[in-house]
Amino acid sequence: MEIKHLTEKVAYVPNPVNIGVVRAEKSSVLIDSGIDESVPRKVSRLLEKPPLFLINTHSHADHCGGNTFLKKRFSTRVFAPELEKEIIENTILEPFYLYGAFPPEELRNKFLMAKPSKVDETLKEGTLTLDGVKLEIVFLPGHSPNQIGVAVENVLFCADSVFSEEAIEKHRIFVVYNVTDFLETLDFLEKTNYDYYVPSHGEVTQNIVDLARKNRNVVENVINEILEILKTPFTLEELMKKLFDRFSITIENLTQYVLYRSTVQAYLSFLLDRGEIEREFKENTLLWRRV
């Protein structure tokens, strides 16, 4: 593990979830904490100043799993967006909303359920000053309800608002909570002009436009495939089977299944609200079809 500097004050630690580091006057500000305590434990050894502040971009377990270690070791003050805060403090909510009921033990794992941690202050769009450093909180919803990015010294830590080419190739269909918001966030990013963009997963880039367009292409491909499949009415399970076959996705465990299912349902909500599909109940079965 190493720290890579982008500007005098701004750096990041490459990781499955990249960890942002901002050097303040007497402390360090971290952006996300990784999937468990091993991540901030290693990151803290690289820092010149103690990590007294932490910003969680959103509530997914791989972004807040190290919170408890930081609070215990450094009394780190934690910031997170509204609603995301509630999930960080009550982490059973992530597997609960993905599964739709109290989740079985198989889903109560560190990939979906971090250790609960207290959030000291909620974040909204605008300027946040921490230990003499001004940061800009940028609203980037879509992947999760109230996801934010953090901009400092013309570097944007853009969380999971875009996915790398490697992530797209690996997952084929990436997790989306709200398709409309996700597309609007991509539109917003294409109009920005930061020197560097640090996505949570993948390499730092200076050209967000190409990456945003590749993400949009994935979303549009999923939409088009769903509409093509639903020329014939199908249940959710039948639709998922056909969609995953078309994208060469193999479901291997329940965690993967609920993440993909939630994403497919997000697309169904999007298309239903736009009037492009409709649903009916037939013999106690919910069917979806193209209008």
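The values are calculated or read from the model by the stated rules, or taken from the named source; none is laboratory data. What you are looking at is a predicted structure, and each value in this text was computed from that prediction instead of being measured. Cβ: placed from backbone, ideal geometry, glycine included. Neighbour counts: every protein chain shown.
The set of residues in segment 114-135 being surrounded by fewer than 19 Cβ atoms within 10 Å (Cβ to Cβ), part of a loop (DSSP other than H, G, I, E, B) and of a type outside the set (Gly, Ala, Ser) consists of LYS115, PRO116, LYS118, ASP120, LYS124, GLU125, ASP131.
Conditions (1) acidic (Asp, Glu); (2) surrounded by fewer than 18 Cβ atoms within 10 Å (Cβ to Cβ); (3) modelled with pLDDT of 95 or more; (4) under 24 Å from GLN265 (Cβ atoms), marked per residue:
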site: ILE137; (1), (2), (3), (4): no, no, yes, no
site: GLY142; (1), (2), (3), (4): no, no, yes, yes
site: GLU153; (1), (2), (3), (4): yes, yes, yes, no
site: VAL162; (1), (2), (3), (4): no, no, yes, yes
site: ILE168; (1), (2), (3), (4): no, no, no, yes
site: HIS171; (1), (2), (3), (4): no, no, no, yes
site: PHE174; (1), (2), (3), (4): no, no, no, yes
site: THR180; (1), (2), (3), (4): no, yes, yes, yes
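Within segment 1-59, can you find the residues that are among the aliphatic types (A, V, I, L, M) and more than 23 Å from the chain's Cα centre (by Cα)? Hits for segment 1-59 are ALA24, LEU46, LEU47, LEU52. If the condition is being in a loop (DSSP other than H, G, I, E, B) and not aliphatic (A, V, I, L, M), then segment 157-166 contributes ASP160, SER161, PHE163, SER164. Return a yes/no flag: does segment 88-105 have any residue that is within 18 Å of GLY149 (Cα to Cα) and without any contact (Cβ under 8 Å) to a residue 60 or more places away in the chain. Within segment 88-105, one or more residues are within 18 Å of GLY149 (Cα to Cα) and without any contact (Cβ under 8 Å) to a residue 60 or more places away in the chain.
Select from segment 136-156 the residues that are more than 19 Å from ILE208 (Cβ to Cβ) and either in contact with a helix residue (DSSP H, G or I) (Cβ under 6 Å, 6 or more places away or on another chain) or in a strand (DSSP E or B) (or both) and list them in ascending order. ASN146, the sole residue that qualifies. Among (1) out of contact with any helix residue (DSSP H, G or I) (no Cβ under 6 Å at 6 or more places or on another chain); (2) over 20 Å from GLY66 (Cβ atoms); (3) of a type outside the set (Lys, Arg), which single condition is VAL162 missing? It is condition (1) that VAL162 fails. Criterion applied to GLU153, GLU136, GLU169 was being free of Cβ contacts under 8 Å to residues at least 12 places away in the same chain and either more than 17 Å from LYS191 (Cα to Cα) or not assigned by TED's automatic domain parsing to the domain that holds ARG246 (or both), and the one residue passing it is GLU169.
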